[in-house]
Amino acid sequence: LRPVRWRLGTAIGLRAAAAAIGVVPFAAVAELARVLLAEGPPDRGRAWTVAAAAAGALPLWLLLTAAAGALAHRADLDLQLSVRRRLVDRLGRVPLGRLTDRGAAGVGKAVQHDVDAMHHLVAHSLLDLVAVVVTSLVSLAYLFWADWRVTLILLVPIVLGVVLFARRITSMTAQMAAYDRALQRIVRSAVEFVEGIAVVKMFGEAGRAHRRYARAADEFADFLDAWLSRGYRPGAASAVALSPVTVLLTVLTGGTALASAGHLDPVDLLPFVVLGLGLAAPLQAMDFHGEDIETANAAAKRVGAVLAAPELPSPAEPRTPDAGGGLRVELSGVEFAYDADRPVLSGIDLVLEPGTVTALVGASGSGKTTLAKLLSRFFDPTAGTVTIGGVDLRDIAPESLYRLVTFVLQDVQLLDATVRDNIRLARPDADDAVVRRAARAAAIDDRVAASPLGYDAVVGRDVRFSGGEAQRLSIARAILADAPIVVLDEATAHADPESEAAVQDALSELASGRTVLVVAHRLASVAGADRIVVLDRGRIVEQGTHEELIDAGGRYARMWRLQEQAARAGAGDRDARVAAADEGGR
């Protein structure tokens, strides 16, 4: 709140003044009654003075309230702009790996929804909360001045209601963590049931899966019923105590007793009837504002966590590799760990010669993708160095690095923009001819041209692409970037069988004449690589050409045999299904 603190403070001060002035017309009603109902001729001068004070207070209250609201909303808009700019600025300087680990949904929630969650607090709740407090205090001060005895009687149901309300909040808050756990269990079971429905139906387990979900739902319903019941009784009692009927009954009973005993003029009860009934309503509203404050506080903590994310260190004196004889990539003694107790890579020594294709293979979790991300500086190694052309990546300015290295990931991200703008992200000034040339090289031009709006179509609205087509768009983007070093991370992972050949052709075009590091799961797709590097538990256990590794009979050879057997078994199953279909047709 620091950038808007003075404006917000001014708005709060104006709202507090408006709240105090807002009590004047109600007090004036009681004072006017005293004047007009007094014995003897009424004091006309005093009556007109009181009426004028009430009449003047109304427009002043309206003016101050409007000014406070406008100032608070302006502060809120500036706050949202300031926070979003700071978030985007920070996200532009944190390691890319942290963004992919957190996920687009988490980042989007912080930038959009969490910032929005602070709106009601800044623009409304703080002002309303101040108005509640000031109105209550000024009203109580006036009522104590009018008659302290009736004021104490008035406070009996209000104090009782506040105590019961606090008891309810304490009871509910004590079980909030248990509620969150119960809610997570029911959500998790619902997601598992929906996502796995096809599998459980296929294996005849739909009834069992539904029973698990139903049992989780019943357990959540039982917990929720018990939790709400514990808070319901004190909550209901608090509502009764603070209700206008209870307050009015208490005031009239106590006031009548005092008046009957000759200790109170009946007309003096009027201020308590007018102002006393309004004391309870603001107190009940504090519950609503308290929830806003808690919501905004939680959102602010999440935004703060993003703003506190460590930045990717930028070199004080950037260096640029000399690309004269080609760019040699070298990893020396590289180690990396996401956390101190989670080592991912150890003792990595690897050289990528200019113009060669190097493939990383290994079991899931062996560190292939992490190693590839180091080359794109998604992370910095915790030990060792990664150099391009003899220059440490940490000494290269980020904008220069991404002119040297481009990457195609298995999870393609297309923007809510035209196809043309999606392709020319790396070169916004590229003309249509250059964009189409890159699209043709990536075998996606025909598909784009077939849509009614062509390259002017907005992705996701005017045109939708399959996984393989989106992958080819990202490859066209990388071709247009024309970086000398290319990182491919399972680039055909989401391509359907029909488009996989087109994706492979596009990748071949992208790799032509460049230094390529490719992460692969299917060994057949990288059998022609210049070098194949086998990773196991974060270490290089083998490297060489396909033929050399097969002859060595090590881990790569075993992986090759297993994949060949799986391929033959799959082909056999397909042949059996075709034969069965033919027999059924005959």
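A 1.4 Å probe run over the protein chains yields, for the chain, 53 Å² of accessible area per residue, whole-number rounding. Electrostatic tally near residue 357: other residues with Cβ closer than 11 Å to its Cβ, Lys and Arg +1, Asp and Glu -1, net 0. Mind sorting out which of [x] 31.0; [y] 25.3; [z] 27.2 is the real Kirkwood radius over Cα pairs in Å computed from the coordinates? Of the listed options [x] 31.0; [y] 25.3; [z] 27.2, [x] comes from this structure. Rounded to the nearest 10 degrees, the angle from helix 497-511 to the longest Cα principal axis of the chain is 80 degrees.
Give me the percent of the accessible area of the chain that comes from carbon and sulfur atoms, probe 1.4 Å, all protein chains in place. Result for the chain: 59 percent of the exposed heavy-atom area is carbon or sulfur.
Pull up the DSSP beta bridges for the chain and report the antiparallel fraction as a percent, rounded to 5. All intermediate terms of the calculation are to be shown ahead of the outcome.
Details: 19 of 38 bridges.
The antiparallel proportion sits near 50 percent.
Using only Cα atoms and rounding to the nearest 10 degrees, what angle (0 to 90) does helix 44-91 make with the longest principal axis of the chain? With both axes taken from Cα atoms, the answer is about 10 degrees.
If Lys and Arg each add +1 and Asp and Glu each add -1, what is the summed charge of the other residues whose beta carbon sits under 12 Å from the beta carbon of residue 270?
Charge balance in the 12 Å sphere: -3.
3J(HN,Hα) couplings calculated from phi for region 513-524 with the Karplus curve 6.51 cos²θ - 1.76 cosθ + 1.60 (θ = phi - 60°) are, in sequence order, x, 10, 8, 10, 10, 10, 9, 9, 9, 8, 5, 4 Hz; Gly and Pro show x. Would you tally the net charge around residue 231, using a Cβ to Cβ cut-off of less than 10 Å, leaving residue 231 out, and scoring K and R as +1, D and E as -1? Within the 10 Å Cβ shell, the charges total +4. Output the 0 to 90 degree angle, nearest 10, between the alpha-carbon long axis of helix 244-260 and the longest principal axis computed from the alpha carbons of the chain. That helix lies at roughly 20 degrees to the long axis.
The values are calculated or read from the model by the stated rules, or taken from the named source; none is laboratory data. This is a predicted model, so every value here is computed, not measured. Neighbour counts run over all protein chains shown; Cβ positions are idealised from the backbone, glycine included. These area figures cover heavy atoms from the full protein model, side chains too; ligands, DNA and RNA do not enter into them. Shrake-Rupley method; radii C 1.70, N 1.55, O 1.52, S 1.80 Å.
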